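Report on the structure given below.
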Amino acid sequence: MADKSPVACVTCVSRGGVCDGKGIQTLKDGVWASNPISIQILGICSALAVTNRLENSLVMGVALIFVCVGSNLFVSLLRNVTPRRIRMIAEVAIIATFVIVFDQILKAYYWEMSKQLGPYVGLIITNCIVMGRAEAFALQNRPVVSMVDGLANGIGYAVVLAIIGFFRELAGTGGVAGFQILSLDWYVPNQLAVLAPGAFVALGFLIALFNWLSGANKEENEGSTP
Amino acid sequence: MNKKHSGYAILYAAVLGLVCALALTGVDRFTAERKAANAQAEEVRNVLGVLGVPFAAGASAAELLEVYESNVRDEERNGREFFVFDHPSAGELLATRFEGPGLWGPVEGFLCLRGDRETIYAVSFYRQEETPGLGGEISSDAFQDQFRGKKIATAAGAGIRVVADGADAPNEVDAIAGATMTSDKVQAMLNETIEEIVGANGRPARRGSHGG
């Protein structure tokens, strides 16, 4: 996790608030232009692991949004009093607190889902996206815009997971979230889609698609400069 | 205090740690009751499942407990806990918990016998950490359903066998291809339990040939 990734530089130049258009820009960056999964290729471990069903993907997305918004808010609130030397430990403590809170709530109110997601909710603590945003954004920005940044990156993650989850569940079972879409009369569910290899293939296709839609021209331009 | 001072860092860490710990304690207290109920419901669901007691798919923790208490009775025999249920078609069923080491971690399950104490009604593995797709298949219906109707003891002695070369005897089930280690361990833990039960039935608990 580089302290000064190119993405961080782009978003951290101005110190403006939400009102001077930074909020919208931050939102766009997180969801699309520097989407944490498809563009930055961060946090793909959980993106591969829990996306065998749409429902799992959605809950995981909500978890990440919750953690990202919460941790960004508190890291930002404390940014002026946190000693620089121990800032990372402080960030992890804040992130871990939010993750455990979400995990406990899931265990209490959504037991079935908690069982299905297994250790992956707890592993959000180690998700590069969360700490990446705390380090690269929340430490330099005001609380509200930091929350927007957390929200944007959480949504960016959730949307990608939902897309992968949708197609894996569809290919693997012929239906999504309990609705049979492809008739089993002629469609043979492809078990591979819900197993690990299916995750790699689906994510690969999705990243290729995102790059094709957004980054192809940019890359060509970058390639032509000396 | 100077922000660069080590004392400040220690104080900051202590305060942050305390606040986080308090927050987590609060959430734990707040959710403790529901979490305990869910864990209990999970237990009950496993017992009901292996005994074939009907219950609604989306039953709440309280509903499951009610179904359990009105259908299943606990009995202790020779220090082993049995869950007994009078099945409307299969007659009296007795389920008992078994556990043992798997290849990667502990495996736990239920062995459910019919009233004759010899015929297996069902076997379920409700906790396992075996290799997904290989040993992990022990909790698949395909593997578990093989046990239905098998005998836990034959003339040769007590014990079931998980075999690789085609199950044909009434005490044999097919092993999982590519998961010999898990299959062997499953056989061992089942037989340990079976021998205890057969012994408790008043028969000599002889050691069968546990090959495969």
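The values are calculated or read from the model by the stated rules, or taken from the named source; none is laboratory data. Keep in mind the model is a prediction, meaning the values are calculated, not measured. We place every Cβ from the backbone using ideal geometry, glycine too, and count neighbours over all the protein chains shown.
A few notes on this one:
- Identity of the residue in the range B:1-19, of a type in the set (Gly, Ala, Ser) and under 12 Å from A:Ala90 (Cβ atoms), that ends up farthest from the other protein chains (Cβ to nearest Cβ): B:Ala14
- Among the residues examined, B:Leu24 does not qualify as closer than 28 Å to A:Phe102 by Cα, within 11 Å of chain A (Cβ to nearest Cβ) and exposed (fewer than 11 other Cβ atoms within 10 Å of the Cβ).
- Count - residues of the range A:148-184 that are touching a strand residue (DSSP E or B) at 6+ places or on another chain (Cβ under 8 Å) and in contact (Cβ under 8 Å) with a residue 24 or more places away in the chain: 2
- Residue tally, condition assigned to a helix (DSSP H, G or I) and either surrounded by 18 or more Cβ atoms within 10 Å (Cβ to Cβ) or in contact with a His (Cβ under 8 Å, 6 or more places away or on another chain) (or both), over the range B:68-84: 2
- Candidates B:Gly49, B:Gly100, filtered to the one that is within 13 Å of the chain's Cα centre (by Cα), within 28 Å of B:Gly199 (Cα to Cα), in contact (Cβ under 8 Å) with a residue 60 or more places away in the chain and part of a helix (DSSP H, G or I): B:Gly49
- Among the residues of the range A:29-52, those identified as within 12 Å of the chain's Cα centre (by Cα) and in a loop (DSSP other than H, G, I, E, B) are A:Ser34, A:Asn35, A:Pro36, A:Ile37, A:Ser38, A:Ile39, A:Gln40, A:Ile41, A:Leu42, A:Gly43.
- Just one residue in the set A:Val75, A:Val101, A:Val69 is within 14 Å of chain B (Cβ to nearest Cβ), in a helix (DSSP H, G or I), modelled with pLDDT of 90 or more and under 13 Å from A:Arg133 (Cα atoms); that residue is A:Val75.
- Of the residues examined, B:Ala37 is one that is over 23 Å from B:Leu190 (Cα atoms) and in contact (Cβ under 8 Å) with a residue 24 or more places away in the chain.
- When B:Tyr121 is tested against (1) farther than 19 Å from B:Met181 by Cβ; (2) not in a strand (DSSP E or B), only condition (2) is not met.
- If you go through the range A:104-118 and keep only what is polar (S, T, N, Q), within 10 Å of chain B (Cβ to nearest Cβ) and under 22 Å from A:Gly165 (Cα atoms), you end up with just A:Ser114.
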